[in-house]
Amino acid sequence: QKEVEQNSGPLSVPEGAIASLNCTYSDRGSQSFFWYRQYSGKSPELIMFIYSNGDKEDGRFTAQLNKASQYVSLLIRDSQPSDSATYLCAVNIGTGNQFYFGTGTSLTVIP
Amino acid sequence: KAGVTQTPRYLIKTRGQQVTLSCSPISGHRSVSWYQQTPGQGLQFLFEYFSETQRNKGNFPGRFSGRQFSNSRSEMNVSTLELGDSALYLCASSSGTNTGELFFGEGSRLTVL
């Protein structure tokens with residue numbers, strides 16, 4: 001079992017819809033969780049991080065964490081074509097900057 | 001503020017050779033991490049250096065090694081290259097605090113023939 005699992009997609013949503021991206025992790029001791037966005041041919045860039053159970057909102061993005069279920073999700077409201085990218089879930093293991101990344105979910109927003 | 005700089009951007013090697021990749025982090029950042037990205041496996045953690053010391057190490061064979069200099073610049077080396085080492089190698093810098101914001105370079109694309 002991989003440490004971080006994501007549905008690879010592809011996920012297609014119409015412009016203006018809500019895109020829902022999901023991620024599960026295996027290490028119950030994981031403390032911090034991150035969502036990165038990677039455009040084709042580019043490097044990953046951080047969208048959001050979440051440490052506590054519940055929801056965290058930042059503009060059109062909402063991260064949700066459920067540690068009991070070992071589940072993290074990212075909701076993108078009012079999806080735009082510019083949101084079309086691969087979204088990577090990352091989990092910080094232990095101290096320092098050691099992350100396990102999921103293989104990513106490819107999102108396409110259709111105009 | 002300059003971003004993370006990786007060199008070379010592209011390189012082609014043959015099996016058995018070795019390669020050295022370089023990464024200059026964002027000014028003031030003391031943590032440098034290296035990741036291997038392949039289509040099948042995604043991003044896999046290689047190692048992290050903080051203040052010239054290896055702080056974390058991933059699950060890669062000893063052929064993969066790295067170091068960090070006093071100016072925080074980092075190098076990684078892969079010896080005895082195998083075909084499976086073909087990948088995008090990404091360097092990420094961080095201030096070193098545990099917020100988890102990694103700033104990635106554009107990567108070094110290694111092709112092993």
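The values are calculated or read from the model by the stated rules, or taken from the named source; none is laboratory data. Here the structure is a predicted model, which means the values were calculated and not measured. Here the Cβ positions follow ideal geometry from the backbone for every residue, glycine too, while neighbour counts run over all protein chains shown.
Side notes on the structure shown:
- Subset of the range A:85-111 (residues that are more than 14 Å from every other protein chain (Cβ to nearest Cβ) and either surrounded by fewer than 18 Cβ atoms within 10 Å (Cβ to Cβ) or farther than 24 Å from B:Q44 by Cα (or both)): A:T108, A:V109, A:I110, A:P111
- Close Cβ contacts (under 6 Å, 6 or more residues apart or on different chains) running from residues in the range B:62-90 that are free of Cβ contacts under 8 Å to residues at least 40 places away in the same chain to residues that are charged (D, E, K, R) and crowded, with 17+ Cβ neighbours inside 10 Å comprise B:R67/B:E75.
- Candidates are the residues of the range B:89-113 that are hydrophobic (A, V, I, L, M, F, W, C) and more than 9 Å from chain A (Cβ to nearest Cβ); the one that is surrounded by the most Cβ atoms within 10 Å (Cβ to Cβ) is B:C91.
- From the options A:Y71, A:Y100, residue that is closer than 13 Å to A:N22 by Cα and aromatic (F, W, Y): A:Y71
- Comparison of B:G58, B:G66, B:G28 shows that the only residue that is out of contact with any Cys (no Cβ under 7 Å at 6 or more places or on another chain) and within 13 Å of chain A (Cβ to nearest Cβ) is B:G58.
- Among the residues of the range A:13-67, those that are of a type in the set (K, R) and in a strand (DSSP E or B) comprise A:R37, A:K56.
- Candidates in the range B:75-88 are the residues that are in contact with a Gly (Cβ under 9 Å, 6 or more places away or on another chain) and among the polar types (S, T, N, Q); of these, the one that is farthest from the other protein chains (Cβ to nearest Cβ) is B:T80.
- Residues within the range B:48-69 that are at negative phi and among the acidic types (D, E), tallied: 1
- Residue within the range A:41-51 that is closer than 30 Å to B:R9 by Cβ, within 14 Å of chain B (Cβ to nearest Cβ) and buried (at least 21 other Cβ atoms within 10 Å of the Cβ) present: yes
- Screening the range B:1-112 for strands (runs of 3 or more DSSP E) wholly inside it with 2 or more residues that are β-branched (V, I, T), at pLDDT 95 or above and under 18 Å from A:G41 (Cα atoms) returns the ranges B:5-7.
- Where B:S72 falls short, out of the listed (1) touching a Pro at 6+ places or on another chain (Cβ under 6 Å); (2) within 13 Å of another protein chain (Cβ to nearest Cβ); (3) at positive phi: (2)
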